[in-house]
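These notes concern the structure reproduced below.
The values are calculated or read from the model by the stated rules, or taken from the named source; none is laboratory data. Everything numeric here is computed off the predicted structure, so don't read it as measured data. Virtual Cβ from ideal backbone geometry, glycine too; neighbours counted across all protein chains shown. The accessibility values were calculated without ligands, DNA or RNA, using every heavy atom of the protein model including side chains. Shrake-Rupley method; radii C 1.70, N 1.55, O 1.52, S 1.80 Å.
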Amino acid sequence: MKLKIVKGTRDIYGDDVARFQYIEEKARKVFSLYGYQEIRTPIFESTDLFAHGVGEGTDIVGKEMYLLEDRRGRSLALRPEATAQVVRSVITNNLMQQSSHLRFFYFGPMFRYEQPQKGRFRQFYQIGAEYFGVPTPDADLELVLILRQLFREIQLSEISFHLNTIGCQAPDCRPSYKNKLIAFLETHADALCENCTRRMHDNPLRVLDCKNDSCIAVTADAPKIHDAVCNECRDHFSELCHMLDAHHVRYSLNPRLVRGLDYYSRTVFEVFSDNLGAQNAAGGGGRYDGLFEIYGAKVVPAIGFALGLDRLALLTAPEKKEVKPVFVVGTDRASVCKLVAACREADIICHYDPFQSSMKSQFRQANKTGAWKVLILGEEELKQDLVSVKDMQDSGQVSISRASVVEHLKKQLSV
Ligand code: HAM
């Protein structure tokens, strides 16, 4: 059998794991400052959850979901995103009954059948946050501030926020804008790409973020949604913009930003890093005040975001933490193993050569692992019940009794 990894997936190890851990650690710190609690949801859910929440007409649901049937013929989907799931969890666990507002964060793999390229995978990882119960722009501001703080923590300050409002479902808001947009697009139908000609009537907003040059040219003069939303949505958006200004957040208004998931209402945003290029958002999110209702639950205003961890990992260089491993070399396997175990139990990072090669080769390995001290258990040391401790920086060597060597190392490590 020829072993091969599945297209669009990858193994993450070595420095990549260090980058993932670094970003996750910083994210945990920022989330805890803002009172977010971790939530872990299943990797698969019923397909309907995403079909109803993310939207039948979206690329994610229509083209990109990994679907499977269980042994009873139920249709399941590997999660393409987690917002719908977290909402499902809040509803099925009655969590809003315990509190007027809730804040959650999550890390984990998502699955989308997309064309793999740099920073785009079929199994990719997200860091996300969802904030439930607060209808005012304070919540929108909070999520943007979390993102800004997180990017600062991972030393990526060259970021830009793109912001838009896509209104709500009130008849004088998005539905009325959609009609205006369709009327405009119909007069330019000849110049639209095949994809946009098809979705012009059922999902006209998506035409605004088509990457095709001709569609970009056509929609440059299209009516702008933020001029067409209802008064409440306009007030919400302008209040948010004032708050962002007051917090010195740099953002640009992007009337083309509509997002690829149907559950959004009002504020939508994406965050870009200068180093990822214009096509690849580091993250995105927005309000989804109508999603609970779609699932038949009482209305709960909500907003959130998700960041692409794979993409962030491409940009970060974790600070190197100083570690001080010791390496035990010796001629007697049992004594070596005993000392190694004692060190590890005392929280000292400790390595040894499992093959017990020659002393010379064991020293070579100690060097290779960047040992801080080498603990030598040679013939002489064993006879006298001693350990020679060699400092690998200055080559100085001291002899310590076997019984007290661990204490000696611990003292040195704590200075
Ligand atoms: P999304 O824009 O679909 O939003 O994904 C968020 C981020 O996940 C993207 O900006 C990107 O960095 C990353 N991402 C998406 N697809 C891939 C891929 N194939 N490979 C690598 N990275 C990818 C959502 O998922 C929403 N649930 C965000 C949200 C949370 N909205 C409200 N709350």
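So which residues in segment 119-137 are in a loop (DSSP other than H, G, I, E, B), within 10 Å of the ligand (Cβ to nearest atom) and out of contact with any helix residue (DSSP H, G or I) (no Cβ under 7 Å at 6 or more places or on another chain), if there are any at all? First the steps, then the outcome.
Here is the first cut: in segment 119-137, the ones in a loop (DSSP other than H, G, I, E, B) are 119, 121-122, 133-136.
Now narrow it down to the ones that are within 10 Å of the ligand (Cβ to nearest atom): 119, 121-122.
122 - this is the single residue of segment 119-137 that is in a loop (DSSP other than H, G, I, E, B), within 10 Å of the ligand (Cβ to nearest atom) and out of contact with any helix residue (DSSP H, G or I) (no Cβ under 7 Å at 6 or more places or on another chain).
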| query | What are the pairs, 6+ residues apart or on separate chains, where a residue within segment 204-218 that is open to solvent by 20 Å² or more (accessible area, probe 1.4 Å) has its Cβ under 7 Å from a residue that is of a type in the set (Gly, Ala, Ser)? | reply | 214/191
| request: Examine segment 152-173 for a residue that is over 22 Å from residue 58 (Cα atoms) and part of a helix (DSSP H, G or I), and state whether such a residue exists. | output: yes
| If you check 336, 300, which single one turns out to be in the same structural domain as residue 127 (by TED's automatic domain parsing) and touching a residue at least 40 places away in the same chain (Cβ under 8 Å)? | 300
| field | Residues (within 6 Å of the ligand (Cβ to nearest atom) and either in a loop (DSSP other than H, G, I, E, B) or not assigned by TED's automatic domain parsing to the domain that holds residue 146 (or both)) located in segment 270-287 | value | 281, 282
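Could you list, in sequence order, all residues of segment 324-383 that are of a type in the set (D, E, K, R), outside any helix (DSSP H, G or I) and open to solvent by less than 50 Å² (accessible area, probe 1.4 Å)? Break it down into steps so the answer makes sense when it comes.
Of segment 324-383, the ones of a type in the set (D, E, K, R) are 324, 332-333, 338, 344-345, 347, 353, 360, 364, 368, 373, 379-381, 383.
Those left that are additionally outside any helix (DSSP H, G or I): 324, 332, 347, 353, 373.
Once the filter is applied, which keeps residues that are of a type in the set (D, E, K, R), outside any helix (DSSP H, G or I) and open to solvent by less than 50 Å² (accessible area, probe 1.4 Å), segment 324-383 yields 353, 373.
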| said: List pairs: first residue in segment 396-411 and under 16 Å from residue 330 (Cα atoms) and part of a loop (DSSP other than H, G, I, E, B), second residue open to solvent by less than 70 Å² (accessible area, probe 1.4 Å) and at pLDDT 95 or above anywhere in the structure, Cβ distance under 6 angstrom, at least six positions apart or on different chains. | reply: 402/387
| Take the residues of segment 1-12 that are more than 17 Å from the chain's Cα centre (by Cα) and closer than 26 Å to residue 114 by Cα: which is least open to solvent (accessible area, probe 1.4 Å)? | 8
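Just to be sure, is residue 289 farther than 27 Å from residue 109 by Cβ and in contact (Cβ under 8 Å) with a residue 60 or more places away in the chain? Lay out the reasoning, then the answer.
Numbers: farther than 27 Å from residue 109 by Cβ: yes; in contact (Cβ under 8 Å) with a residue 60 or more places away in the chain: yes.
Yes: the conditions hold for residue 289.
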| query | Quick one: residue 306 ticks every box in (1) out of contact with any Asp or Glu (no Cβ under 8 Å at 6 or more places or on another chain); (2) in the same structural domain as residue 132 (by TED's automatic domain parsing); (3) in contact (Cβ under 8 Å) with a residue 60 or more places away in the chain bar one, so which box is it? | reply | (1)
| query | Which residue out of 306, 346 is of a type in the set (A, V, I, L, M, F, W, C) and within 12 Å of the ligand (Cβ to nearest atom)? | reply | 306
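Yes/no matrix, rows are residues, columns are (1) assigned by TED's automatic domain parsing to the domain that holds residue 24; (2) polar (S, T, N, Q); (3) closer than 19 Å to residue 301 by Cα; (4) near the ligand (Cβ under 10 Å from one of its atoms):
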{"site": "57", "(1), (2), (3), (4)": "yes, no, no, no"}
{"site": "61", "(1), (2), (3), (4)": "yes, no, no, no"}
{"site": "96", "(1), (2), (3), (4)": "yes, no, yes, no"}
{"site": "99", "(1), (2), (3), (4)": "yes, yes, yes, no"}
{"site": "114", "(1), (2), (3), (4)": "yes, no, no, yes"}
{"site": "117", "(1), (2), (3), (4)": "yes, yes, no, yes"}
| query | What is the one condition in (1) open to solvent by 20 Å² or more (accessible area, probe 1.4 Å); (2) part of a strand (DSSP E or B); (3) within 10 Å of the ligand (Cβ to nearest atom) that residue 259 does not satisfy? | reply | (2)
